[in-house]
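The values are calculated or read from the model by the stated rules, or taken from the named source; none is laboratory data. In this text the structure is predicted, and so the values were computed from the model without any measurement. Note that each Cβ is placed from the backbone with ideal geometry, even for glycine, and that neighbours are counted across all protein chains shown. Each accessible area value is taken on the protein alone, full model and side chains, heavy atoms only, with ligands, DNA and RNA left out. Shrake-Rupley method; radii C 1.70, N 1.55, O 1.52, S 1.80 Å.
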Amino acid sequence: SYTLNQKVFSGNIMIKSTGKLIISAQNKLNNIQVYATAIVVEENFKGSLQLFARDSLVIHKNCQLKYPSALGIVKDQFKLFQQFIKIEEGSVVEGICFGFCSVSDLNRIRITVDEKALVYGQLYSDGFAEIKGTVHGHVTCGHFRLRTPSSTYDNHLLNATIDFSKLSTKFVGSALLPSVKEKKVILNLE
């Protein structure tokens, strides 16, 4: 694994890692692409990133990923474990979160939005979406999943908020997702 620490990168930069990549809060990263087997964004990070992982992607507490950020996992081969994206409490992701996999795969991708976390944009998962926090935008998933200390429930939500009306009309989604039909220029959402 490698830790990216105290770096300043902005625009037209692509970072690739064949292993796990840890992004510390001491970086100043804007509009860069990151590709790795696993990606961990440490607590209190602020910036704009497009993150693409093969196994797992974790956004720790109180991170702010500004628009147009992206979190993505594409499962291109059978694996014995479930790949996942996890957005922890207090974090905000402005952009898209997506997970693509074969619908016949038993270990389908899981995207988790913890309590007090916010996704402002689009969430797409061929597998499971476990939403305990808030999505201001659009959710498309194979199944909702709710895990509690005592059990796991399919197609259940508890204290979650999904509100499309809170999404700015300036928001431009991804052409990867079926809901986007026309191309637009990305503008600042403020």
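Based on alpha-carbon atoms only, what is the radius of gyration of the chain relative to the globular estimate 2.2 N^0.38 Å?
Compared with the compact-globule rule of thumb, the chain sits at 0.97.
Find how much the distance from Val74 to Ser150 grows on full extension, using 0.36 nm per residue of separation minus their present alpha carbon separation; answer in nm with one decimal.
This chain segment gains 24.3 nm when fully extended.
What percentage of the solvent-accessible surface of the chain, computed with a 1.4 Å probe over protein heavy atoms, is contributed by carbon and sulfur atoms?
Carbon plus sulfur share of accessible area: 51 percent.
Suppose accessible area is computed on protein heavy atoms with a 1.4 Å probe; arrange Lys46, Lys7, Lys116 from highest to lowest.
Descending order: Lys116, Lys46, Lys7.
Val93 accessible area, nearest 10 Å², 1.4 Å probe?
Its accessible surface works out to 0 Å², give or take rounding.
Can you tell which of Gln33, Ala117, Tyr153 lies farthest toward the positive end of the dipole of region 1-155, using +1 and -1 charges on the Cβ of basic and acidic side chains (Lys, Arg; Asp, Glu)?
Result: Gln33, furthest along the dipole toward the positive end.
Once the dipole of the chain is set up with Lys and Arg at +1 and Asp and Glu at -1 on Cβ about the Cα centre, which of Ile59, Ile131, Ser17 lies farthest towards its positive end?
Ser17
When the dipole is taken about the Cα centre of the chain, and only Lys, Arg (+1) and Asp, Glu (-1) are charged at their Cβ, what size is it in debye, to the nearest 20?
Details: 22 positive and 16 negative charges, 75 e Å.
With Lys and Arg at +1 and Asp and Glu at -1, about 360 debye.
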